[in-house]
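Every number in this text was worked out from the coordinates using simple rules, so none of it is lab data. Model, not experiment: these values are computed from the prediction. In this analysis, Cβ positions are derived from the backbone assuming ideal geometry, glycine residues included, and neighbour counts consider all displayed protein chains.
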């Protein structure tokens, strides 16, 4: 419940402080503010901000300021997120008070103690997180407790359902709405941009909203942005999907399972990705996006998220259990994650690979083409008119006939074609083999790290272009890959990282 703020509490004037606090409401008081002293506020405490005329209110974490150039004693500063959420003009008088601790914190303490939580307890936590009643410290405590103490499969189901319930949910009005998700960790794995035009050309609805990269060199939305506009309003997105049967857009404009975005903002810096949280995060987003039929791709390899088949099978069973009870028709495929997929790693280089495949260019990376066809074929078999085993053949025919390319061009035009000519970075450094042999392995994590150091995805032309793959023979001095960068600092960072560990294992040639 909102805090009742007594009218005798003096008002403060709002001031917009241009600080991006990323998924967290933060407000600022000057240390010499009379209210700060009289009410006993402390840094990092949570306060409620209230505007009487229209009833607007938010909860935020307090930071204390000592510089009057930033904030005057009679003002209340708001971070960018808090300012947007409160939606009031600068100078508006507001009142503040200590926020009541959320009741759901009791459930967090129970989880920390290793106890099992109910659906109602997960729902209480997710509602309070969405309403910004939790600080990032409290969110971290909840996530670590779930990761360390584990969630049984019914808890994962409850967590997933609660995330869906605390956000919007799309309804496309069709019995079959397809979607696809890869759990990630494999650079260059841009199969979605090939699958969507193939499946949409078949006539199946596939409204694909994707994320931008957080820790990888490119997300699907980053790569699609090379070709077209991806930040679309919900109504524009709806029109495109109904016209084209598909889209490739950024999902950040829709409030689908919004608690997931807040949790991810805390998970990423902690490098947390426990199976329960992974499954809940993915399935909540897909159910909220209106999917009825979903394909999950789980790559397995030494440097993939799943290192072995046993772990992948456990994750698969958890996906199937939760997905079935959420009403999803779900298929999980376990794929080869020993190395990057395709050649390009970084938005421009990955977009080049995609367009080469769609154009049936003989230089197109065969592994990217083949994986996309296999996955698209499995989704096409959701169609009752497609017999089992025929999906791959239909997908291949759609690609080879040019129908997939035509559909992609139509989607690009509908979303708004990017008219800027974006090229690979002008700074280029070939990374050479130090001996003769055969490529025995490629470290996904290190190659992704080098591509990010080069500037990807913020610099669209930055990244890594692979020239060799696993099992390829190489000669000493031969280029294994080329680093592309736009700026000298990034170029030097990436080059130094490659000199320390180029990510390739070269084995002696077999006799």
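Using a Förster distance of 35 angstrom, determine the FRET efficiency expected from the C-beta separation of residue 98 and residue 154, and round it to 0.05. Don't jump to the answer; show the numbers that get you there.
Working: r = 36 Å, r/R0 = 1.04.
For residue 98 and residue 154, the calculated efficiency is 0.45.
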Per the rule of 0.36 nm per residue minus the C-alpha distance, extending residue 435 to residue 360 adds in nm 23.6 nm
Proxy exposure order for 126, 419, 253 (fewest C-beta within 10 Å first) is 419, 253, 126
Counting only backbone N atoms under 19 Å from a point 7 Å out along Cα-to-Cβ of residue 403, the residues of the range 361-384 in range are 361, 370, 372-384
For residue 238 and residue 423, extending 7 Å from Cα along the Cα-Cβ vector and measuring point to point gives, in nm, a value of 4.3 nm
The FRET efficiency for residue 321 and residue 23, from their Cβ-Cβ distance with R0 = 25 Å and rounded to 0.05, is 0.25
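From the Cα trace of the chain, what convex hull volume per residue do you get, rounded to a whole Å³? Provide the component values of the computation, followed by the final result.
Numbers: hull volume 88.5 nm³, N = 511.
Expressed per residue, the convex hull around the Cα atoms of the chain is 173 Å³.
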Debye calc, one equal point scatterer per Cα of the range 427-507, no solvent, log10 I(q)/I(0) at q = 0.10, 0.15, 0.23 1/Å comes to -0.21, -0.46, -0.99
